[in-house]
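Remarks on the structure that follows.
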């Protein structure tokens, strides 16, 4: 038993990386605390420092917690939390052209609720979700419901709760989501058309590749009109992304879609391209892009 | 290495909201059934290989579409590049059956100058006690349109394979007889590749070793 644990091969290396990891953890904890502090400071100003809150929502980690989101999202959308819409009456469900479709969609949207949530609680939230959607549509008769809209509304409901969610979604629907809620999808298709020119500017080679493969832009439709809520399975990622979109220009989701597409195509291309020389040649070109 | 197929057929699945389009496709491509399925937003894409005869495989590219009417201006762009379609209604929902005609007109109007081979699918046949559309009237409608009629259940996996493979065989026959032709700039039917076995196996080894991911 001469060789003891202290001489385990690589132990020094493990200690070194353990130390570095602790350093990193401490560093990120420090940054987090500083960020929480900055957000509170920006919120307590009179008027609140919205420019600062935008920067916080965009930068690493976004708004960090749902408690903070409840305070900051209304500021980003310039919604007055003192003046929330009254709860809807029963007539709401009678007199609405979209009621049946909303009902069908919300009742089968279980995936968007936290797994393990008690049935009763989920059903209550689904009913609230239907009410919020109908209330916003009722207040803005020019708006039309689309499948996927419920994916956005449920995010607000789960983060900020009923009455505030109604006010935020109302604002969002008449601004950021306005084009998707026209009587037709023509304006939505128009926005999707921005995607290829953005990709062409960033990476002409991938643009050519996509044009040749005739992939079109339809793959980005659900990303765009649900702010990725329909395709992301982890709720933390959804809300982090919403922090970002709420702090940016309404067209940001289409820029983000371009980035996602470019990154995923590069990965695909690298995995499938069989000629190593070509990979090296092309990756040289890409490194300049990122 | 990619599986070898003789042809690739592009199929589109249409029908009213909640008739079970996504569930039918998932049962066919993934072999599973979800009791509750999220609404489709826009268009989703699936694929599967089907062996119509020993050694003869067809790759099916299946386009799942949103049922809500406002998405039709987007989904109609997909008719033109499809060679086959499954037109679904829910046998427990009479309205979805009445809308079959409208769906077909929509497809016809946007498929020109090509043609789509449709099969009429009465879905959710496991819910026979709640049936609102008789098999007889559905068959009559299908005959009037010159289509096959089949009743399926994604939940109990009834006729799901058959619905897709029968349609695939019908299209294959039309292609074989030259009634449907592969055309440049049309995605409906594509010819598969015949691999050079020696060459491709070399490539596989090379790419395995050198993949950067």
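When you look at residue B:19, is it within 13 Å of chain A (Cβ to nearest Cβ) and more than 24 Å from residue B:145 (Cα to Cα), yes or no?
Values: within 13 Å of chain A (Cβ to nearest Cβ): yes; more than 24 Å from residue B:145 (Cα to Cα): no.
No.
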*Which ones in segment B:25-60 are assigned to a strand (DSSP E or B), crowded, with 17+ Cβ neighbours inside 10 Å and within 14 Å of chain A (Cβ to nearest Cβ)?*
B:43, B:44, B:46
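Just to verify a result, which residue in segment A:234-272, among those that are outside any helix (DSSP H, G or I) and either free of Cβ contacts under 8 Å to residues at least 40 places away in the same chain or touching a helix residue (DSSP H, G or I) at 6+ places or on another chain (Cβ under 6 Å) (or both), is nearest to the other protein chains (Cβ to nearest Cβ)? Even if it seems obvious, please write down each step before you answer.
Filtering segment A:234-272 down to residues outside any helix (DSSP H, G or I) leaves A:234, A:247-251.
Then drop every residue that is not either free of Cβ contacts under 8 Å to residues at least 40 places away in the same chain or touching a helix residue (DSSP H, G or I) at 6+ places or on another chain (Cβ under 6 Å) (or both), which leaves A:234, A:247, A:249.
Numbers: A:234: 16, A:247: 24, A:249: 23 Å.
Step by step, filter segment A:234-272, then rank; the result is A:234.
What do you reckon, is residue B:18 assigned to a loop (DSSP other than H, G, I, E, B) and either in contact (Cβ under 8 Å) with a residue 60 or more places away in the chain or in contact with a strand residue (DSSP E or B) (Cβ under 7 Å, 6 or more places away or on another chain) (or both)? Please lay out each step first, then the result.
Numbers: assigned to a loop (DSSP other than H, G, I, E, B): yes; either in contact (Cβ under 8 Å) with a residue 60 or more places away in the chain or in contact with a strand residue (DSSP E or B) (Cβ under 7 Å, 6 or more places away or on another chain) (or both): yes.
Yes; evaluated as a whole, the condition is true for this residue.
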*Can you pull out the residues in segment A:94-117 that are within 19 Å of residue A:234 (Cα to Cα) and more than 10 Å from every other protein chain (Cβ to nearest Cβ)?*
A:113, A:114, A:115, A:116, A:117
*asked:* Please go through segment A:196-219 and give me each residue that is in a helix (DSSP H, G or I), without any contact (Cβ under 8 Å) to a residue 60 or more places away in the chain and more than 9 Å from every other protein chain (Cβ to nearest Cβ), ordered by number.
replied: A:196, A:197, A:200, A:201, A:204, A:207, A:208, A:210, A:211, A:212, A:213
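Say we look at segment B:144-174 and pick out the residues that are out of contact with any strand residue (DSSP E or B) (no Cβ under 8 Å at 6 or more places or on another chain) and in a helix (DSSP H, G or I); which of these is nearest to residue B:21 (Cα to Cα)? Give the derivation first.
We begin by selecting, within segment B:144-174, every residue out of contact with any strand residue (DSSP E or B) (no Cβ under 8 Å at 6 or more places or on another chain); these are B:144, B:146, B:155-157, B:161, B:173.
Keeping just the survivors that are in a helix (DSSP H, G or I) gives B:144, B:161, B:173.
Working: B:144: 23, B:161: 14, B:173: 25 Å.
So, considering only residues that are out of contact with any strand residue (DSSP E or B) (no Cβ under 8 Å at 6 or more places or on another chain) and in a helix (DSSP H, G or I), the one nearest to residue B:21 (Cα to Cα) is B:161.
Return yes or no: is residue A:128 more than 21 Å from the chain's Cα centre (by Cα) and within 23 Å of residue A:241 (Cβ to Cβ)?
Values: more than 21 Å from the chain's Cα centre (by Cα): yes; within 23 Å of residue A:241 (Cβ to Cβ): yes.
For residue A:128, the condition - more than 21 Å from the chain's Cα centre (by Cα) and within 23 Å of residue A:241 (Cβ to Cβ) - is met.
Bear in mind that the values in this text are calculations on the coordinates, not laboratory data. Keep in mind the model is a prediction, meaning the values are calculated, not measured. All Cβ positions, glycine included, derive from the backbone under ideal geometry; neighbour counts span all protein chains shown.
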